[in-house]
Amino acid sequence: MMTLNASKIEPNPIRHADVYRNDWDSFVANQSRNGSASDRAHELRRVGWEEFNRIGFPINRRGNELWKYTDLRQIDRMPFRFGAPSSGISLEAIAKMVPLPREWQNVVFVDGVRDPSIADSGSQSDGLTLRDVTAYEQLGALAGCESNAFVSLNSAFLDDGLMVDIDHDVESIKPLHVVFVSTGSDLGQRAVYPRIAVSVGRGSHATLIETHVSMADGSHLSVPVVEISMGQQSTLRHYRVQLDGEDSYHFATTRVKQGEDSRYRSTSFSMGSSIGRHDVLTMLDGEHAESTLHGVYMTTNRQHQDFEISTTHSVPHGTSDQYYKGILSGRSRAVFSGKITVERGAQKTDANQKDLNLLLSHGAEVDTKPSLEIYADDVKCAHGATAGHVDEDTLFYLQSRGVDYDTAQAMLIRGFAAEILDEIEDELLRTFLEDKLDELMPALQQASDTIGTA
């Protein structure tokens, strides 16, 4: 049996440790009776629980750069419960929340559990194999538990995730749409732990659409983990959509390992959560690999979005681009921490990093920290960040051409986001997200007090 190392167990700092421990004990006992998971999965659960039990949530921010600007004390006080999924959720109800076209291969999870009765009935693409993630022997190889509370918690409650296996030299394949739906239930504050593992074979081209959506107004915790392994000359287009409810808490982790000449292109769209965080790391382990990490996020009221975006170049001739845009109103807050690491010997690296923010309210705040860590001397790297508002001259220009004030405001906000949304090649998805931005527009404008100021 493969062994995963865990750190020495120390006293548990979690206020509601008994809630998580009782749920974990019941979960593991039930899984042991089922006996379908691999030894790797059982070991990963054990290591995940021991590490989470040791470190707890990162509520102490002093000296902790990863969590310096995000306060998790409210998470620590809320007893989120893990349990059976809600019943009676229909495909029609989900289709009102997110697109499920026949042109895509749709897979739906409700409260962390896959329900074949509400999944897409269309034929599966040749060269694509979908199976239970607990049978994957490499699970956890990219997303390690050590000193990571949310990966540890996800691993401890590893259940009905999805393993996506794409064969070699597959080019004609439907976009794979994986939907994670969170619902209200008699559990009260529910916790779900989505897990996806993706293996893209040599020379293959695929599209993954990952969507997270809430179907209830109640508070819930979502902790997704995605691990992606890319073979030589492979391409993956990854769209990530976070549409959780305003009382939800979303802490996602994505890890990508790229082989020679591979292309990973990610575009994310994030809105809604009370606290949302996405921790991304792409590892360029093959020469001439390319990593593109782009995203747009919107916050209003007292919402908080946090992005920990990292790229590591370990070999020569790699190319990476990080580009994120934020739109903030009310008393909301955003955090962008971008990092590009160029290791020794990774010559001829070309890396860029940029974070731009549009502040619609005086009460909105963004903390942005782009950084480069370079140990090679023949590289081309750049980074930058800005935060500002739309000035009165720009607004006046539109009004002078007959556009009313409110419409001019909306046009400027849409225009700021359009650069990222226009990258979405799938027309159905792009239109859906543009509509979501339009739905949020009144809330963004109502809280705005900086558009048109000097």
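Quick note: the coordinates plus some simple rules give every number you see, no bench work behind them. Please read these numbers as outputs of a predicted model, since none were measured by experiment. No Cβ is skipped: glycine too gets one built from the backbone with ideal geometry, and neighbour counts run over all protein chains shown.
By count of other Cβ within 10 Å, fewest leading, how are Cys381, Cys145 ordered?
Least to most surrounded, the residues fall as Cys381, Cys145.
With the contact rule set at Cα under 8 Å and sequence spacing of 6 or more, what percent relative contact order holds for segment 17-286?
17
For Asp165 paired with Leu66, estimate the spin-label separation in nm (one decimal), with each label point 7 Å from Cα along the Cα-to-Cβ line.
Roughly 3.1 nm, to one decimal.
Can you tell me the order of 327-338, 366-377, 256-267 when each peptide is scored by its average per-residue count of other Cβ atoms within 10 angstrom, highest first?
Taking the mean over residues of other Cβ atoms within 10 Å, the ranking is 327-338, 256-267, 366-377.
What does DSSP give for segment 17-286 in terms of the percent of beta bridges that are antiparallel, rounded to the nearest 5?
10
Rounded to the nearest 20 Debye, what is the dipole magnitude of segment 17-286 about its Cα centre when Lys and Arg each give +1 and Asp and Glu each give -1 at the C-beta?
So the magnitude is around 500 debye.
Before anything else, pin down the relative contact order of the chain: Cα pairs under 8 Å, at least 6 apart, normalised by residue count, whole percent.
10
Counting only DSSP beta bridges with both residues in the chain, tell me the antiparallel percent, nearest 5.
In the chain, approximately 5 percent of DSSP beta bridges are antiparallel ones.
Picking from Ile228, Val241, Ser204, whose Cα lies most toward the positive end of the charge dipole for segment 196-270 (charges on Cβ: Lys, Arg +1; Asp, Glu -1)?
With unit charges placed on the Cβ atoms, the residue in question is Ser204.
If we sort 20-27, 203-210 on the protection proxy, mean other Cβ atoms within 10 Å, highest first, what's the order?
203-210, 20-27
What ranking do 73-81, 394-402, 147-155 get when scored by the average of other Cβ atoms within 10 Å per residue, highest first?
My ranking of the peptides, most packed first, is 147-155, 73-81, 394-402.
What does the charge count around Val226 come to, taking other residues whose C-beta lies under 11 Å from its C-beta (Lys +1, Arg +1, Asp -1, Glu -1)?
0
By the scheme Lys and Arg +1, Asp and Glu -1, what is the net charge of all other residues having a beta-carbon under 14 Å from that of Arg344?
Net local charge, Arg344 excluded: -3.
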